[in-house]
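Asks: This is the structure, below, for whatever I ask next.
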Amino acid sequence: MNWLLHRVLALWVRYRVLPEDIPARLQQRAAAVCYVLERRSVTDLAVLQHACVRLKLPRPRKRLLRESSDLRSYFYLSRPRGFWDERLDRRPPPQLEQMLAALDADPTLEIELVPVAVYWGRAPQREASWFRLLLVENWALTSRARKFLQLLFNGRNTLVELEEPISLRSLLGDEAGLSVRGRRVARALRGIYAQHRAARIGPDLSHRRTLVTQVLRTRAVRAAVAQEMREKSLTRRMALLRASRYAKEIAANYSHAFVRFLERLLAWLWNRLYDGVSVGHLETLERVAQGNEIVYVPCHRSHMDYLLLSYVIYVNGYPVPHIAAGINLNLPIVGRLLRMGGAFFIRRKFGGNGLYTVVFIKYLAAIMARGHSIEYFIEGGRSRTGRLLQPKTGMLSMTVRSFLRDPARPVVFLPVYFGYERVVEGATYVGELSGKPKEKESVLGLLRACGLLRERFGRVHVNLGEPIALQELLDRHDSGWRTRAFDEESRAPWIAAAVDDLAGRIMRNINAAAAVTPINLLAVILLAMPRQALPEAILERQIDLYRALLRGFPYSDRITLTNLGGAGVIAYGEAMKMLQRQEHAMGDIVRMSDESAVLATYFRNNVLHLFAMPSLLACVFSSNAEVRHDDIHRLAWRIYPYIAAELFLTWSEEQLPAVVDGVLECMRRHGLIQSSDDRSVWRRPQPASGEAMQLSVLAQATIQTIERYYLAISQLVAAGSGELTQSVLEERCQLNAQRMGMLYGLNSPEFFDRTLFENFIDLLRRRGVVRSGAGGKLEFDDVLMRVAADAQFVLREQIRHSILQVTHS
């Protein structure tokens, strides 16, 4: 029967053996090799036998030891209790006890165990059948009927994974007795299988009710329930029901079957919406998936982010993360489906609700303890401007504190960058920035969005950033944290500092993995022009220059850049209906419509940080034909902290001098600036040259940012020290920025975004440039005047007069 099964499987089953170099390592082993299969399965054993024959490895059916005729070179770690009883018998198998007895009898004997896992159909990206998707590998016990169907429908796509050989003696402890040592070895092997199965198909999640019950039984939740009873005069039953209601409001209801169905649905959706989904640096996930708790921390551009990241992770063979979604998405029907896809819901504000806070923290700790990866957006909400928002550290803090209380598995944060060429919510974002109220999410709004399926949204990029190991970060803040015990009441000051440091690193690593698309390049260049238009030949040269700058002084080795040259980028922009061509005898003019220009600010802001340093240095030459090297460094040192905080630039202030010198040299190589022989003086090109125009266009990328800074400082100086509160100053800045936009045609919604003014003023306070006085009024001294003087040095006289005119009026 075994021979017949072997022959039948050889004809039907197609498998792949991983790792690819394991056969060479096993062939060199001198010790006796015994294969371990997780569960009893004659089909798994037959596939293993065939693989060993093909790869010339020791065969599992051969005799393990010469003196023992009935001991073969394999055993099952667990077996069904009976033919009709599918429950598993987890006692140490008799073969294992025979091996232990042989080791006791012969101290020179060495036996090596090789754990083997056979996955049937664990490649959802290759499945073309809905039925096959229902039969791929999971954690559930597999009946004989299901095993037959797996073999029949997924047998052509099977994975055989052989682990590194493990010395059986190394797994033994000091306990006496074969049964005790056998249980110890079996427990160690089950741990290995659980770890590897979690890496391949995701952890074993119990039903939602089980998880909710586990959360409600924790000591912290019971204490919070007692506190709720005292404060709200509730009975114990009423308080428990309230806690249960909170837990059910939060908890996901993950379904493997639904995720498999969703993968097929999303593949169809992406083909309708996008020209393709590009994934950058996937090897990063391969490197950190094994043995770590992964926390995905992407930027938040669109509602599509939730679906895109889960899809990309799943089709590349990794488990779908549990996603923290805003409670506003818990819509009828939609909310239930999102829960089945792994979403758990969180309120925007906890509002001092102690019971809800404790229930949420314990739910987060429970899914982390089970080894499930999680995902949340630390910006809090979607960016309406295309810039990264200031991070909200609530979820980060809860994650860090949960790890400190129970550091069971290492935690790794994986930043993710989304690069769209068009966002579904683009028109909505422009309206909100212009003052319209935010539209609430609704089922009706979702149905209206179905009409977008007929439109083209270009290509979408998902780039993985540099991972951040939490343990290493904590070591930098307190090397002795491992020796301390942390509980819900722990409030060490260094934890808050570590969370802030972590948030900053995540944001910088997201930006360092940016994708530069044709749409980004067109937006950065054409929005620098007063009428968003350029002759085609000049636009081509500017595109090629920007691509050369990104390659000549790379912002990061994780940046991905379009392969299209200048002409190809323009053609792509026309195909995306972003550009209009106006024919002319002396050469065509390429322009954006007013509507396209407003939407393009979003895509310019996606990559503005990549051009920030070249543009900032170009600004120095806008009003100065010649500048000393030391003055350039002084101006960069003065302005860089504010731009770095706004755009989450990757370089520290200590690295700034080397960065400035590197960017200056790169600009010199491309003819944008000239220098004296000793590099002590830098000059701009002749005004009528093409390089001078290119330098001027490059400067426009950050000139609005500096104008915004100068506007805020001018308002403060005009009012006088101790005259304005921060809220009044923010309001005046926003109104005057809107007025400037009307007067001078600054069709850029984020120019008068109040949040940007608020962040700038906050940074002025943190750096001691301004301070709060009596009644919350802002006070300043000569330091602010020096900042204003440096801004004046960069801005042209006409721009300064325009700002002052609006300010004084």
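Asks: Take the Cα pairs of the range 198-307, get the Kirkwood Rh, then feed it into Stokes-Einstein at 4 °C and 1.567 mPa s and tell me D in µm²/s.
Replies: Translational D for this selection: 72 µm²/s.
Asks: Quick one: angle between helix 656-669 and the longest Cα principal axis of the chain, in degrees between 0 and 90, rounded to 10, please.
Replies: 70
Asks: On C-alpha positions alone, give me the angle between the axis of helix 178-201 and the longest principal axis of the chain, in degrees, nearest 10.
Replies: The helix 178-201 is inclined about 40 degrees to the chain.
Asks: Enter the Cα centre distance for the pair the range 274-349 and the range 748-781, rounded to the nearest angstrom.
Replies: Between the Cα centres of the range 274-349 and the range 748-781 lies a distance of 35 Å.
Asks: Compute the helix-to-body angle for 394-405: its Cα long axis versus the longest principal axis of the chain, expressed 0 to 90° and rounded to tens.
Replies: 40
Asks: Relative to the present Cα-Cα distance, how much length would full extension add between R14 and E779 at 0.36 nm per residue of separation?
Replies: So the chain would gain 267.9 nm between R14 and E779.
Asks: Could you go through the range 38-43 in sequence order and give the Karplus-derived ³J(HN,Hα) for each residue, using 6.51 cos²θ - 1.76 cosθ + 1.60 with θ = phi - 60°, rounded to whole Hz, and x for Gly and Pro?
Replies: Listing the rounded values in order: 5, 10, 5, 7, 5, 5 Hz.
Asks: Take V53 and L735, extend 7 Å from each Cα along the Cα→Cβ direction, and tell me the distance between the two endpoints in nm.
Replies: Calculated label separation equals 8.7 nm.
Asks: Within the range 92-121, list the residues whose amide N lies under 20 Å from a label point set 7 Å along Cα→Cβ of F148.
Replies: 120-121
Asks: If you take the alpha carbon radius of gyration of the range 229-287 and divide it by 2.2 N^0.38 Å, what ratio comes out, to two decimals?
Replies: 2.08
Asks: Evaluate the distance, in nm, between pseudo-label points positioned 7 Å from the Cα of D557 and of R209 along their respective Cα→Cβ axes.
Replies: 5.3
Asks: Can you give the convex hull volume of the alpha carbon atoms of the range 678-796 per residue, in Å³?
Replies: 131
Asks: Looking at the P(r) of the chain, how many percent of alpha-carbon pairs lie beyond 40 Å?
Replies: 48
Asks: Can you compute the FRET efficiency between L269 and R405 using 1/(1 + (r/R0)^6), with r the Cβ-Cβ distance and R0 = 45 Å? Round to the nearest 0.05.
Replies: 0.65
Asks: Here's something else I'd like to know. Just round it to a whole percent: the fraction of Cα-Cα distances in the range 512-591 exceeding 19 Å.
Replies: The share of Cα pairs beyond 19 Å in the range 512-591 comes to 34 percent.
Asks: Per-residue ellipticity at 222 nm for the chain, helices alone: DSSP H runs ≥ 4 residues times -39500 (n - 2.57), over residue total, nearest 500 deg cm²/dmol?
Replies: The helix contribution divided over the chain gives -16000 deg cm²/dmol.
Asks: Rounded to two decimal places and with Rh computed the Kirkwood way over Cα pairs, what is Rg over Rh for the range 323-375?
Replies: Here the Rg-to-Rh quotient is 0.99.
Asks: Less than 9 Å Cβ to Cβ from R591, Lys/Arg counted +1 and Asp/Glu -1: what total charge do the surrounding residues give?
Replies: +2
Asks: I need to check one value: relative contact order of the chain, counting alpha carbon pairs closer than 8 Å and at least 6 residues apart, in percent.
Replies: Normalised by residue count, the contact order of the chain is 9 percent.
Asks: Could you provide, to the nearest whole Å², the per residue accessible area of the range 196-307 with probe 1.4 Å?
Replies: Result: 48 Å² of accessible area for each residue.
Asks: Quick one: pull the percent of accessible area on the chain belonging to carbon and sulfur, 1.4 Å probe, ligands and nucleic acids left out.
Replies: Result for the chain: 52 percent of the exposed heavy-atom area is carbon or sulfur.
Asks: Something else now. If you project the alpha carbons of the range 598-701 onto their three principal axes, what span does each projection cover, largest first, in Å?
Replies: Ordered largest first, the range 598-701 gives principal extents of 39, 33, 22 Å.
Asks: Also: Rounded to the nearest 0.05, what FRET efficiency do E574 and E283 give with R0 = 35 Å and r taken as the Cβ-Cβ distance? Could you check?
Replies: Step by step, r from the Cβ atoms, then E = 0.50.
Asks: Would you mind computing the Rg to Rh ratio of the range 242-324 from its alpha-carbon coordinates, Kirkwood style for Rh?
Replies: Taking Rg over the Kirkwood Rh, I get 1.00.
Asks: How far is it, in nm, from the label point at A496 to the one at E723 when both lie 7 Å from their Cα along the line to the Cβ?
Replies: Going from the A496 label point to the E723 one covers 3.4 nm.
Asks: Report the per residue volume, in Å³, of the convex hull enclosing the C-alpha atoms of the range 230-387.
Replies: Convex hull volume per residue, Cα atoms: 146 Å³.
Asks: To make sure I understand the rule: partners must be aspartates and glutamates, Cα under 19 Å from the Cα of K362, and not fewer than 8 residues away in the same chain. Which ones qualify?
Replies: Qualifying aspartates and glutamates at Cα under 19 Å: D204, E228, E249, E293, E375, D406, D487, E488, E489.
The values are calculated or read from the model by the stated rules, or taken from the named source; none is laboratory data. This structure is a prediction, so every number in the text was calculated from the model and none was measured. We place every Cβ from the backbone using ideal geometry, glycine too, and count neighbours over all the protein chains shown. Protein only, heavy atoms only, side chains kept; ligands, DNA and RNA dropped before computing areas. Shrake-Rupley method; radii C 1.70, N 1.55, O 1.52, S 1.80 Å.
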